[in-house]
1. Has segment B:58-80 got any residue that is crowded, with 23+ Cβ neighbours inside 10 Å, small (Gly, Ala, Ser) and in contact with a helix residue (DSSP H, G or I) (Cβ under 7 Å, 6 or more places away or on another chain)?
2. Looking at segment A:307-336, which of the residues that are of a type in the set (Ser, Thr, Tyr) and open to solvent by less than 10 Å² (accessible area, probe 1.4 Å) is nearest to the other protein chains (Cβ to nearest Cβ)?
3. Just one of the numbered conditions (1) open to solvent by 50 Å² or more (accessible area, probe 1.4 Å); (2) not in a loop (DSSP other than H, G, I, E, B) is not true of residue B:210; which one?
4. Would you call residue B:169 surrounded by 16 or more Cβ atoms within 10 Å (Cβ to Cβ), within 23 Å of the chain's Cα centre (by Cα) and at pLDDT below 95?
5. Considering only residues that are at the interface with chain A (Cβ under 7 Å from one of its Cβ atoms), assigned to a loop (DSSP other than H, G, I, E, B) and surrounded by 22 or more Cβ atoms within 10 Å (Cβ to Cβ), which ones fall in segment B:403-425?
6. Residue pairs, Cβ under 7 Å, 6 or more apart or interchain, first in segment A:57-77 and within 14 Å of chain B (Cβ to nearest Cβ) and within 16 Å of residue A:227 (Cβ to Cβ), second charged (D, E, K, R) and assigned to a strand (DSSP E or B). List them.
7. So, of the residues in segment B:359-393 that are over 20 Å from residue A:146 (Cβ atoms) and touching a Pro at 6+ places or on another chain (Cβ under 7 Å), which turns out to be most open to solvent (accessible area, probe 1.4 Å)?
8. Residues of segment B:345-381 being in a strand (DSSP E or B) and within 14 Å of chain A (Cβ to nearest Cβ), which ones?
Number of protein chains: 2
Amino acid sequence: MSSDAITPRTATLAERLIAQYFAANKDQLVVGGIRVDELAKAYGTPLFAYDAGILRATYQALAHALDGFAEIYFSIKANPNPNVAQVFVDQGAGIEIASIGEFEKAKRAGCKPSHMLFAGPAKGEHELRQTLSEDLGEVHLESFEEIEHVAGLARELKRTCPVAVRVNPMAAAQGGAMRMGGKAAAFGFDEEILPEVVAEIKRHNGLKLSGVHMFAGTQILDADVLLTQWVHGLKIASAVAEMAGHALETIDLGGGLGVPYFEGDRTLNLASIRIGVDALKAQKEADAGIRGAHVIVEPGRFLTASSGVYLMQVRVAKSSREERFVICDGGMHHHLAASGNLGQVIKRDFPIVAANKLTQATLGPATIAGPLCTPLDTVGRKTQMPQMKAGDLVAILQSGAYGLSASPTGFLSQAVAKEVLIDDGKHCQI
Amino acid sequence: MSSDAITPRTATLAERLIAQYFAANKDQLVVGGIRVDELAKAYGTPLFAYDAGILRATYQALAHALDGFAEIYFSIKANPNPNVAQVFVDQGAGIEIASIGEFEKAKRAGCKPSHMLFAGPAKGEHELRQTLSEDLGEVHLESFEEIEHVAGLARELKRTCPVAVRVNPMAAAQGGAMRMGGKAAAFGFDEEILPEVVAEIKRHNGLKLSGVHMFAGTQILDADVLLTQWVHGLKIASAVAEMAGHALETIDLGGGLGVPYFEGDRTLNLASIRIGVDALKAQKEADAGIRGAHVIVEPGRFLTASSGVYLMQVRVAKSSREERFVICDGGMHHHLAASGNLGQVIKRDFPIVAANKLTQATLGPATIAGPLCTPLDTVGRKTQMPQMKAGDLVAILQSGAYGLSASPTGFLSQAVAKEVLIDDGKHCQI
């Protein structure tokens, strides 16, 4: 071998995602069997494309891992497009909502209100009235003000309202990074004051304390962290059942299941969850207070992120003071998270590829920017890219969650990106 | 005096802004003569209220400081509500646009296309065609691709298109912090390659090189920094005139005029600008290549930020593990910048007040959160607040720029905030 021998290298996250979820047709990225150049031609760019096949496969993989231990409620905030949510509803999922707007979208997705949960730290009275008058499955109470509100609405609507207590667990129960519980929070009630909360709920005839909801973490990639939280969640549920003096009907263990976004991120190991749920089933079965309860997990990001590709077209390729810039027709106004402005402390690249030049060698690092008149509109920093020119396509992977709906679509009065659902080789705007 | 004597303290930024722009009626913040509780009652919350009187006064103060040296173009991206822009158009302002959407809004504000400038690093061909076919004042060219595009459109439309070169100045010209020029950027052409750029433009009969546009900084609070940039801007303009072989008609010195957002921020000193422009006038007058040019400054933020108040109502006041939380009906989905997620490296509070309890003593620090199911939805961190309860009003000042239009209004499918313009004691939704 000469000294030119190629050094083996680890596959990038983008390469692994393409291998797992997509395909390549020569140089073109293929989503749900459709080449991205065909999608760009059919709908124009920028564009979010979601593959229903990936949505279903992800749902089924999680259901398999849960093995009957828990039902899945889709946290619709991750992707509120009703056609996306409908894929999960058709699979039997419930929906977790956090606003009256999400309630309406969940209904449009075919979900019955009785198959919905409503959480949120400061629900509006009109939101509670509307959802409760339409037979909402369960309200997750998060403040004493809300206990009063819902009790008042129960009297007004002359019905008994099924409620759950949202719990902010103590720190001891947490493992791993990126947890939200264990500290002071706007969400739910601190675990320490549950006796007082349960007593307050029981004071009201119109409230039926049917369950608990754990204030979980977000973007958890370690199955053991998740399982540890769930063990603790069942313990809290058991304690609440004892405080309530009756068995619980629901135990919402929260969401928090993560997906890899950045180089080095691991993938949540569903096989470990599949193994871990056996012990959870036994824990639940052994406890009369929770034995009959429906356990719920409510992922959002995990179910939708990988299905989505944000597709942009290059408008300008230029150099400025030795640095290379690839400026596209899409950017932060459609994909705030990819620009690093949705809570990220360190701005890192989402998996980004030259979607019509997949096999071409990199020319070195480039800044991938959008069309807005602000340096914030940058989605790639020192991103390895082949030679690019106007008309080429750039795709941001892992874009199916917290994409368009979490972005400032009115910024600089740009057009809103289209969303396309691809299913079984067919595609349409949604 | 006893040891209880109150220590004199410096006024907070919020107090200074209220003294300068607003008023207090007992405990109530007053905007444009209207108490915030009246606004909340009339329109509901959350709500952006803009005072046209402040818009006009700010415009006039800047015009006075510029003393005929430069015309003002409103950078409509800062607040694209046509009714807001119209206030400036009525004062004689032009409008700087960055998209076809902004073009339409500027027209609705009563601005003629001939009184508009179009800048942006990756304008779409349809955007260029539409604006040029409606007699756009000037296109600011930012890439070689764009030179080709506009030249092609000039042929297609059988007209001569007035164009300016957007310049990314060299570092030597920059002073102070928060500058954007001097380094590699997606915007404009590096100063170093201007001869090549001017030659390329001159190759096309359909392009008329009428001006230059300086790629300025943002949020500049130091008048000397601004004046230094302007001096250099005139020098660049002079050089471009020489390269072009003819006098220039326009010199766009950019925007970048800042406003104080955080404690310790100073206020841009317009008196210093008033003094400094005399030398700039002399510099311009002495140079035949630029003597006849219209000088333009194009602030956005500076003209609108202080006029706007974002008003929220408290829904929940709670404690969690010794920390106090005030949870409101508004938050990051309407005001991303105030949540610290619009490019800020360090999250600091905008000026926030208990708008119906202005004179009440603080009870200590509180977290001011919004209704979204995410810890990102936080607009106040350790914010001094009096005792607060559901129904109280919280106002975020300096909210008239990069507010609603720069925010993820679809996030969690919450309702979009209303916008209200108050003018001469009258108010209406806009």
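The values are calculated or read from the model by the stated rules, or taken from the named source; none is laboratory data. Computed from a prediction, not measured in an experiment: that's the story for all the values here. FYI the Cβ positions are ideal-geometry reconstructions off the backbone, even for glycines, and counts take in every protein chain you see. For the accessible areas, the whole protein counts, side chains as well, though only heavy atoms, and no ligand, DNA or RNA atoms are used. Shrake-Rupley method; radii C 1.70, N 1.55, O 1.52, S 1.80 Å.
1. yes
2. Kept after step one, since they are of a type in the set (Ser, Thr, Tyr), are these residues of segment A:307-336: A:307, A:310, A:319-320.
Checking the rest, the ones that are also open to solvent by less than 10 Å² (accessible area, probe 1.4 Å) come to A:307, A:310, A:320.
Values: A:307: 19, A:310: 15, A:320: 4 Å.
Here the residue is A:320.
3. With (1) open to solvent by 50 Å² or more (accessible area, probe 1.4 Å); (2) not in a loop (DSSP other than H, G, I, E, B) applied to residue B:210, the lone miss is (1).
4. Numbers: surrounded by 16 or more Cβ atoms within 10 Å (Cβ to Cβ): yes; within 23 Å of the chain's Cα centre (by Cα): yes; at pLDDT below 95: yes.
Yes: the conditions hold for residue B:169.
5. B:407, B:408, B:414
6. none
7. B:382
8. Our first condition is that a residue be in a strand (DSSP E or B); within segment B:345-381, this holds for B:352-354, B:365-369, B:378-381.
Hits for segment B:345-381 are B:365, B:366, B:367, B:368, B:369, B:378, B:379, B:380, B:381.
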